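Take a look at the structure below.
The values are calculated or read from the model by the stated rules, or taken from the named source; none is laboratory data. Bear in mind the structure is a predicted one, so any value in this text is a computation, not a measurement. Neighbour counts are summed over all protein chains in view; Cβ atoms, including those assigned to glycine, are modelled from backbone coordinates with ideal geometry.
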Amino acid sequence: MLHYAYLKKDIKKSLENALQTTPYIPLTCLKGFNIISTALIVGEIGDIQRFSNYRKFASYCGFGIVERKSGTSVNKSSHINKRGNSILRSTFYTLTLTQLNCKTQIYDYYHKPKSKVKHPKKCLVACARKLAVRTYFEMMKCHG
């Protein structure tokens, strides 16, 4: 067990050193983001500037919204498109759970649709998408 504890420390230190070479180190100051989650997000995304807007980024993360349309009628039940990166989707979902425990702005956003009798899982996915979009803008700020 001690060997794995030292191994974990070494991996965390090497991730921190690798993250220092990127402009995204200020992301670790956000509530709930640690070295491992930030390194995972940066590693999966690469350069954030390759996405022209936040909708394309959310779609890449697996949070693209799909509506069923036929002519002029629109089906009221929209859902997310899971064609994106499943690692990013699960990472943002986990970060959302952390944000809800800390009672940040995501907590208020979670309880607003929940009061309209939406399913709690749908509220969590909506919050995860919101967190992904917020992360997109924070990463764009790092580039100035």
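Looking only at the stretch 7-28, filter to residues that are of a type in the set (S, T, N, Q) and part of a loop (DSSP other than H, G, I, E, B); which one of those is surrounded by the most Cβ atoms within 10 Å (Cβ to Cβ)? Before you say what the answer is, go through the steps one by one.
Keep residues of the stretch 7-28 that are of a type in the set (S, T, N, Q), which gives 14, 17, 20-22, 28.
Okay, now just the ones that are also part of a loop (DSSP other than H, G, I, E, B), so 21-22.
Values: Thr21: 8, Thr22: 16.
Out of the qualifying residues, it is Thr22.
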Task: Flag if Tyr4 is touching a Leu at 6+ places or on another chain (Cβ under 8 Å) and either more than 25 Å from Pro120 (Cα to Cα) or assigned to a helix (DSSP H, G or I) (or both) - done: no
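Kindly establish whether Lys31 is assigned to a helix (DSSP H, G or I) and either free of Cβ contacts under 8 Å to residues at least 12 places away in the same chain or surrounded by 11 or more Cβ atoms within 10 Å (Cβ to Cβ) (or both). Give the derivation first.
Working: assigned to a helix (DSSP H, G or I): no; either free of Cβ contacts under 8 Å to residues at least 12 places away in the same chain or surrounded by 11 or more Cβ atoms within 10 Å (Cβ to Cβ) (or both): yes.
When the stated conditions are applied, Lys31 does not pass them.
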TODO: List the number of the failed condition for Leu40; all other conditions in (1) aliphatic (A, V, I, L, M); (2) modelled with pLDDT under 90; (3) within 14 Å of Lys130 (Cβ to Cβ) hold.
DONE: (3)
Task: Scan of the stretch 49-69 for residues that are in a helix (DSSP H, G or I) and surrounded by 14 or more Cβ atoms within 10 Å (Cβ to Cβ), ordered by number - done: Tyr54, Arg55, Phe57, Ala58, Ser59, Tyr60
TODO: Give the stretch 1-41 a look and list any residue that's closer than 12 Å to Met140 by Cα and either within 13 Å of the chain's Cα centre (by Cα) or basic (Lys, Arg) (or both), or say none.
DONE: Leu27
